[in-house]
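Reviewing the structure listed below.
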Amino acid sequence: MTNLFPKNFEWGVATSSYQIEGAALEDGRTAGIWDAFCEDHSRIADGSDGAVACDHYHRFREDVALMRELGVTSYRMSFSWPRLFPTDSPEPNEQGVRFYRELFAALHDAGISVMATLYHWDLPVWLARRGGFASRETAQVFADFATRLFSLFGDDVDYWVTINEPSVIASLGYITGEHAPGERDMAKAMAAAHHLLLAHGLAVQRFREAGLRSKIGIVLNLVKYVPDSPRPRDRFARFKLDLFYNEWFLSALGEGRYPPLPAGFLRRAKCHPDVHHGDMEIIAQPVDFVGVNYYTRARVRAAHCPSQMNCVLADDPGDEATDMGWTIDPDGLRDVCKRVYRTLRKPLYITENGAAFDDELTGGAVHDEKRTDYLRRHIEAVEQLLLDWVDVRGYYVWSLLDNFEWAHGYTRRFGITHVNFDTGERTPKDSALWYRDFIRDHRRS
Ligand code: PNW
């Protein structure tokens, strides 16, 4: 069989700090905005939080061993900001630094490369008190944080990611309030989106100044939006969601400008972000790669809903969906990657792709055929992209482990490894065994 995957293609798995680490208040870590958000238990489906999660902080060696068994070539993780900088002092928390050093050493010994995200939603409460990303100052504080991490971990990291999914932070964190910090304010959402992009650009600038050999990029979540019907109002609704979730970020990063808006749109609502002279050049600074998180396509319909631009998501009857209610559409991965590649012209990594299903652990195994099928079909879409001359250089499954799925708590399982949240016990699911065999048959290094 032909193997289209190039040499050095990264086959990976992904996680994030708050979703797996636990040890929330141990070894000097202070609270982050997710710890604070979860204190109101009504916000999380099962009233849970990430205080223990997968206890990865204590079990990371076992988790690296799992990755070694899988034969992955790369691991995408994120740093916990409140673990590394529990207060606004520039001195890092030594115990936090030690944890990531030990993790990177273990990965290095296993021959696994590291993709490290600086910000995967774990904002310290001390910084949230100063306004978090709704405040412009946070972009500067983030740049200083990034600079310290570049000097602490330098080339232990192969790929740096500045920000994970600015569009999801802006929408779920600041429009719907489903995620921390739980705001419902369009003006704040637009400000946060701008400050997240600015933070990204400033960090890239600092990275170039540091002169590291590793690479840097950003991770975007792209959704393939389709209109619920060919009616003009549904097509306009689709256009609006696509504008704010996808095009806004692509245009800023690729062209150094926000897309033109339909007349009077945000300005009428006084929501357009306050863009200072020079901001857009900082934002559009060249990156080394772009990470694409892709899960689903979504149908959009016009409806009376002023807080959400009069757009709502419609059901996708008859189409298969995961337990998140997300429609399975592997072709959507092709569409969004082609679009990102066309606008940004940078090597792509699929930095997250995966599915939540209600798995059952029986007799020491999890027969998760649906997840295997999801992964197989999306990896086939990646092969198609290579045939379309799109420069895709890696694919990371979300996630290595079942973990704390934000507002859904532990009720949604994305892992290819089952986690028993009472005992912490890990069991590779059938999908993990399938992925292991697939990598064995396709890696070429
Ligand atoms: C991504 N949505 O988040 C995150 O990067 C992960 O931390 C998360 O676990 C994963 O996807 C699965 O949800 C998203 O509602 C969260 O559209 C929500 C949405 C999209 C992405």
Between a residue in segment 351-365 that is farther than 18 Å from E380 by Cβ and modelled with pLDDT under 95 and any residue that is within 16 Å of the ligand (Cβ to nearest atom) and polar (S, T, N, Q), which pairs come within a Cβ distance under 8 Å, given they are 6 or more apart or on different chains? none
G47 of a type in the set (G, A, S) and under 21 Å from the mean Cα position of the chain (by Cα): no
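Per-residue answers, yes or no, for (1) modelled with pLDDT of 95 or more; (2) surrounded by fewer than 23 Cβ atoms within 10 Å (Cβ to Cβ); (3) touching a Leu at 6+ places or on another chain (Cβ under 8 Å):
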| position | (1), (2), (3) |
| --- | --- |
| D402 | yes, no, no |
| E405 | yes, yes, no |
| R412 | yes, yes, no |
| T423 | yes, yes, no |
| T427 | yes, yes, yes |
| S431 | yes, no, yes |
Condition broken by T327, with the remaining ones in (1) at pLDDT 95 or above; (2) open to solvent by 30 Å² or more (accessible area, probe 1.4 Å); (3) of a type in the set (S, T, N, Q); (4) touching a Ser or Thr at 6+ places or on another chain (Cβ under 8 Å) satisfied: (2)
If only one of Y245, Y225, Y258 is of a type outside the set (A, V, I, L, M), surrounded by 19 or more Cβ atoms within 10 Å (Cβ to Cβ) and either over 19 Å from the mean Cα position of the chain (by Cα) or more than 18 Å from S167 (Cα to Cα) (or both), which one is it? Y258
For segment 276-320, give me each residue that is more than 16 Å from the ligand (Cβ to nearest atom), open to solvent by 60 Å² or more (accessible area, probe 1.4 Å) and either under 19 Å from G354 (Cβ atoms) or among the hydrophobic types (A, V, I, L, M, F, W, C) (or both). D319, E320
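Per-residue answers, yes or no, for (1) within 16 Å of the ligand (Cβ to nearest atom); (2) open to solvent by less than 10 Å² (accessible area, probe 1.4 Å):
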| residue | (1), (2) |
| --- | --- |
| D122 | yes, yes |
| R130 | no, no |
| F142 | no, yes |
| F145 | no, yes |
| D158 | no, no |
| I163 | yes, yes |
| I175 | yes, no |
| H194 | no, yes |
| Q205 | no, no |
Within segment 9-42, count every residue that is more than 19 Å from the chain's Cα centre (by Cα), at pLDDT 95 or above and more than 16 Å from the ligand (Cβ to nearest atom). 14
Filtered residue count, segment 337-348, keeping only those that are open to solvent by 10 Å² or more (accessible area, probe 1.4 Å) and either in contact (Cβ under 8 Å) with a residue 40 or more places away in the chain or assigned to a loop (DSSP other than H, G, I, E, B) (or both): 8
A careful count of residues in segment 87-98 that are over 16 Å from S151 (Cα atoms), touching a Phe, Trp or Tyr at 6+ places or on another chain (Cβ under 8 Å) and not charged (D, E, K, R) gives 1
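The values are calculated or read from the model by the stated rules, or taken from the named source; none is laboratory data. Note that this is a predicted model, so its numbers are computed, not measured. Don't worry about glycine lacking a Cβ; one is built from the backbone with ideal geometry, like all the others, and counts go over all protein chains shown. Accessible surface areas use protein heavy atoms only, side chains included; no ligands, DNA or RNA. Shrake-Rupley method; radii C 1.70, N 1.55, O 1.52, S 1.80 Å.
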